[in-house]
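Notes follow once the structure below has been shown.
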Amino acid sequence: MPDNTNKIIIAIDGHSSCGKSTVAKAIAQKLNYIFIDSGAMYRAVTLYCLRHNLINNGIVNIPELRANLGKIKVSFSFNDKTNHNDIWLNGENVEQEIRLLTVSQNVSPVAAVAEVRHLLVALQQEMGKSKGIVMDGRDIGTVVFPEAELKLFMTAQPDVRAKRRFDELTAKGERVSYDEIKANIIGRDRYDETRDESPLRKADDAIIMDNSYMTREEQLEWILNRVVGI
Ligand code: CDP
């Protein structure tokens with residue numbers, strides 16, 4: 001039996017494109033924990049919906065999606081080349097494709113479907129059973145791991161977030177405009193915060209971190225200082 005006595009669960013929630021996954025991955029590496037990007041799971045289900053015409057103009061065909069849920073298998077597999085836990089959809093590595101702006105533009109309505117959430121939350125809870133995990137998303141500290149020992153709520157100014165995501169996508173060669181990126185992150189935040197099922201909100205016991213003017217190193221240190229205090 002592995003000794004998990006000192007291992008904790010770190011739950012990171014917050015607004016779109018504020019660098020949650022980047023900092024979560026760095027913490028996991030430092031602590032030798034598992035890192036799970038729960039947003040990648042919602043993105044993979046969205047990719048399935050786009051490929052199977054289950055979403056059109058932002059409207060999800062909920063009865064069809066429900067009927068197809070049993071056919072959607074989402075999992076993670078560690079990629080030695082990139083040192084990253086890649087997401088797989090039905091036996092295919094979709095780590096790159098799920099980051100496309102079209103997926104970002106359709107993910108929030110898919111993530112608002114109760115049955116999608118129940119399926120993915122159950123998988124996420126299973127992954128955290130042995131603790132030693134850093135998971136980022138929108139409902140990690142409120143729904144997935146309400147008992148997490150450390151909860152963070154990350155945010156940054158919308159312009160800073162839009163610039164970061166714009167730089168990230170253009171560096172990969174995607175042709176996108178700054179304005180459409182900014183509209184997407186603001187629109188997604190609003191959608192995620194106002195949905196009925198597990199809306200994005202700060203857990204009462206979460207610590208807020210605004211990283212608008214923090215470097216990645218400062219963010220890492222800020223969080224690690226809080227882990228030490230537990
Ligand atoms: O990377 P970014 O912050 O832009 O988004 P993400 O973490 O990849 O999440 C994409 C979308 O999935 C969010 O806008 C939410 O609609 C949804 N999501 C969710 O509902 N619950 C989670 N735990 C994670 C993501």
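Just so you know, all these numbers are worked out from the coordinates, no wet-lab data involved. Remember, it's a predicted structure, so these values are computed and weren't measured experimentally. Note: ideal-geometry Cβ built from the backbone for every residue, glycine included; neighbour counts use all protein chains shown.
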Notebook entry, point to check: Cβ under 11 Å from ASP205's Cβ, ASP205 left aside: what net charge do those residues give with Lys, Arg +1 and Asp, Glu -1?
Noted result: -1
Check: Taking R0 as 25 Å, what's the FRET efficiency between GLN29 and ASP179 from their Cβ-Cβ distance, rounded to 0.05?
Finding: 0.15
Margin query: Tell me the net charge near GLU193. Cut-off is 13 Å between Cβ atoms, GLU193 excluded, with +1 for each Lys or Arg and -1 for each Asp or Glu.
Written below: 0
Notebook entry, point to check: If you place +1 on the Cβ of every Lys and Arg and -1 on the Cβ of every Asp and Glu, how big does the dipole about the Cα centre of the range 1-137 come out, in debye to the nearest 20?
Noted result: 120 debye
Notebook entry, point to check: For the pair GLU218 and LEU123, how long in nm is the line joining their label points, each one 7 Å along Cα→Cβ?
Noted result: 3.6 nm
Check: With point charges of +1 on the Cβ of Lys and Arg and -1 on the Cβ of Asp and Glu, referenced to the Cα centre of the range 9-224, which listed residue (ASN56, LEU200, ILE34) lies farthest in the positive direction of the dipole?
Finding: ASN56
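Counting pairs of alpha carbon atoms under 8 Å apart in space and at least six apart in sequence, what relative contact order in percent does the range 9-224 give?
34 percent
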Check: Using 0.36 nm per residue, how much length does the chain from ILE186 to ASN225 gain when fully extended, once their Cα-Cα distance is taken away?
Finding: 11.0 nm
Check: If Lys and Arg each add +1 and Asp and Glu each add -1, what is the summed charge of the other residues whose beta carbon sits under 11 Å from the beta carbon of HIS15?
Finding: +1
Checklist line | Given charges at beta-carbon only (K, R positive; D, E negative), |dipole| of the range 9-224 in Debye | finding: 360 debye
Note to self: Please compute the Kirkwood hydrodynamic radius of the range 9-224 from all pairs of different C-alpha atoms, in Å with one decimal.
What the structure shows: 17.5 Å
Next item on the list: Show which lysines lie in cross-link reach of LYS81 when reach means a straight Cα distance below 24 angstrom and same-chain residues fewer than eight apart are skipped.
Entry: LYS20, LYS25, LYS30, LYS73, LYS172
Check: Between the DSSP loop rule and a limit of at most 16 other Cβ atoms within 10 Å, which trypsin sites (Lys or Arg not before Pro) in the range 61-94 are left?
Finding: LYS73, LYS81
